[in-house]
1. Hey, can you tell me all the residues within segment A:253-268 that are in contact with a strand residue (DSSP E or B) (Cβ under 8 Å, 6 or more places away or on another chain) and away from chain B (no Cβ under 14 Å)?
2. A:Gly186 fails exactly one of the following numbered conditions: (1) more than 23 Å from B:Ala146 (Cα to Cα); (2) loosely packed, with under 15 Cβ neighbours inside 10 Å; (3) under 21 Å from the mean Cα position of the chain (by Cα). What is the number of that condition?
3. Quick check on A:Val98: is it under 27 Å from A:Pro121 (Cβ atoms), out of contact with any Leu (no Cβ under 6 Å at 6 or more places or on another chain), more than 14 Å from every other protein chain (Cβ to nearest Cβ) and buried (at least 22 other Cβ atoms within 10 Å of the Cβ)?
4. Looking only at residues that are over 18 Å from the mean Cα position of the chain (by Cα) and of a type in the set (A, V, I, L, M) in segment B:242-256, which one is surrounded by the fewest Cβ atoms within 10 Å (Cβ to Cβ)?
5. Yes or no: segment B:37-50 includes at least one residue that is surrounded by fewer than 19 Cβ atoms within 10 Å (Cβ to Cβ), over 18 Å from the mean Cα position of the chain (by Cα), outside the structural domain of B:Pro191 (by TED's automatic domain parsing) and in contact (Cβ under 8 Å) with a residue 60 or more places away in the chain.
6. Condition check: in contact with a Lys or Arg (Cβ under 7 Å, 6 or more places away or on another chain) and surrounded by 21 or more Cβ atoms within 10 Å (Cβ to Cβ). Does B:Ala83 satisfy that?
7. Considering only segment B:6-27, I want to know if a residue exists there that is without any contact (Cβ under 8 Å) to a residue 24 or more places away in the chain and either surrounded by fewer than 24 Cβ atoms within 10 Å (Cβ to Cβ) or more than 16 Å from B:Ala61 (Cβ to Cβ) (or both).
8. Condition (residue is closer than 22 Å to A:Val47 by Cα and either of a type outside the set (Asp, Glu) or more than 11 Å from every other protein chain (Cβ to nearest Cβ) (or both)) applied to segment A:106-117: is it met by at least one residue?
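The values are calculated or read from the model by the stated rules, or taken from the named source; none is laboratory data. Please read all numbers here as calculations on a predicted model, not as lab measurements. Note: ideal-geometry Cβ built from the backbone for every residue, glycine included; neighbour counts use all protein chains shown.
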Number of protein chains: 2
Amino acid sequence: MNPKAVNPIGVFDSGIGGLTVVRALMEHLPFESIHYFGDTARVPYGVKSVETISHYTTQIAEFLLEKQVKLLIVACNTMAAVASQVVHDLSPVPVLDVIEAGALNALAATETRRIGVIGTPTTVNSNAYGRAIHAVEPDARVVSQACPLFVPLVEEGWLDHQVTRLTAQEYLKPILTEKVDTLVLGCTHYPLLKPLLADVAGPGVTLVDSADAMAERAAALLTDLDLHTPSRQPADYHFWVTDVPLRFQTIGERFLGRSLNNVHVVKW
Amino acid sequence: MNPKAVNPIGVFDSGIGGLTVVRALMEHLPFESIHYFGDTARVPYGVKSVETISHYTTQIAEFLLEKQVKLLIVACNTMAAVASQVVHDLSPVPVLDVIEAGALNALAATETRRIGVIGTPTTVNSNAYGRAIHAVEPDARVVSQACPLFVPLVEEGWLDHQVTRLTAQEYLKPILTEKVDTLVLGCTHYPLLKPLLADVAGPGVTLVDSADAMAERAAALLTDLDLHTPSRQPADYHFWVTDVPLRFQTIGERFLGRSLNNVHVVKW
């Protein structure tokens, strides 16, 4: 056994959306301990410059590496889209990111090779999904659309509201015109809008959310590298955040699907 | 003449919304130089905790005091609502804040003493407008409503969109039921929604935006303290920001009403 196998997995996000990835990891790898970092003081990242996102991403990756994590998972699409290379360059441990997972999942789901991608403005402008998909399938048609209002709508809790429906109709119109058969939810907040988006997109479109794909890839990587923990004790979960904002507990537990303990605040 | 009179005025905000206050100052006090600080990397503040907002506010006030400002103006409603005292405590120069200005303006406008206030969740939860209004007029009825979607809607540019109208109808409903005759736009982003809000609120409601009131109060204070600049040269404007996000120039110029030069980035 690799001596590092007992170490935890590090997962990070710009806020609490990445808890959907933690939830999938808890289900797939119940004995693995996890350190989660959510930059709740500085969220959202989706409208910030590439330079600032890289700067913050470096800070967070270094913080988790000090916790001796054996694997770093970039759960935030925006960070993965523009700062994945920064993490790869500085990390001595393996790095997985949510964009690659989502792209592979979309390719597995599509029959027509016409794929839609929705995300924050920074994720969409980066064309990171397009690149990841085309690296595998150069002939795929990728149509993307920035949806900056979806994150605040989810945080407002308007998951099934006429305003959200109208907004989704407007955002999805150019994608649906292109007759995609698969739609990647390229932001960790969007799975909470899944029922509404499925309804707006119609029955011919498969929605892809990357939390499950991410957990499967993490499990495979641990096997390949002989890094599964030998422990059969209950796993240890720690949640590091830069702020405990209004409604943090409520929203966090909605994402995690269980109660949220061991929350520590880091002041930067 | 007071030797400090040649010094600039410091104005700060969580982002670019405070440029509406700078615009009013430019019109009312054309010879006064201004240093503006917008925390564009960490915006929005409206959903952060009081502790984090106080921490950031202190950092920014200290930064502007190092620029030798003669007056500090807290243009951000959220900061003014929860961290005004922090600024007063640390500042050796006078401090003006947007909430007091808005409250006084609302009292001047109302006939029925039934006043509505809209703002971010943190501003509304703080009840700062209620306290400022009741300090002058204990019998006033103040009804407030948090409108977390208005900032992203303004930044999306949906100033006259069906989604924004529906959202406004929903947010304003409980306030309009209370038959207010005055509505305070308690966030520097909201003036851009003024035509739509006026339409939704109807002709019986006067909308109060505090940028003008703020500029008038600043002019009066400079007179009282003998702090008007003697200079008749073109004023000097500097804009300090923590990030230059996507569409910064476009959105900033929309708020400022003129071109935005001398923008400097501070990395924290």
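1. Selection gives A:Leu260, A:Asn261, A:Asn262, A:His264.
2. (2)
3. Considered against the rule, which asks whether it is under 27 Å from A:Pro121 (Cβ atoms), out of contact with any Leu (no Cβ under 6 Å at 6 or more places or on another chain), more than 14 Å from every other protein chain (Cβ to nearest Cβ) and buried (at least 22 other Cβ atoms within 10 Å of the Cβ), A:Val98 comes out as yes.
4. Per the criteria, the residue is B:Val244.
5. No, every residue in segment B:37-50 fails to be surrounded by fewer than 19 Cβ atoms within 10 Å (Cβ to Cβ), over 18 Å from the mean Cα position of the chain (by Cα), outside the structural domain of B:Pro191 (by TED's automatic domain parsing) and in contact (Cβ under 8 Å) with a residue 60 or more places away in the chain.
6. Spelling it out, it is not the case that B:Ala83 is in contact with a Lys or Arg (Cβ under 7 Å, 6 or more places away or on another chain) and surrounded by 21 or more Cβ atoms within 10 Å (Cβ to Cβ).
7. no
8. For segment A:106-117, residues closer than 22 Å to A:Val47 by Cα and either of a type outside the set (Asp, Glu) or more than 11 Å from every other protein chain (Cβ to nearest Cβ) (or both): present.
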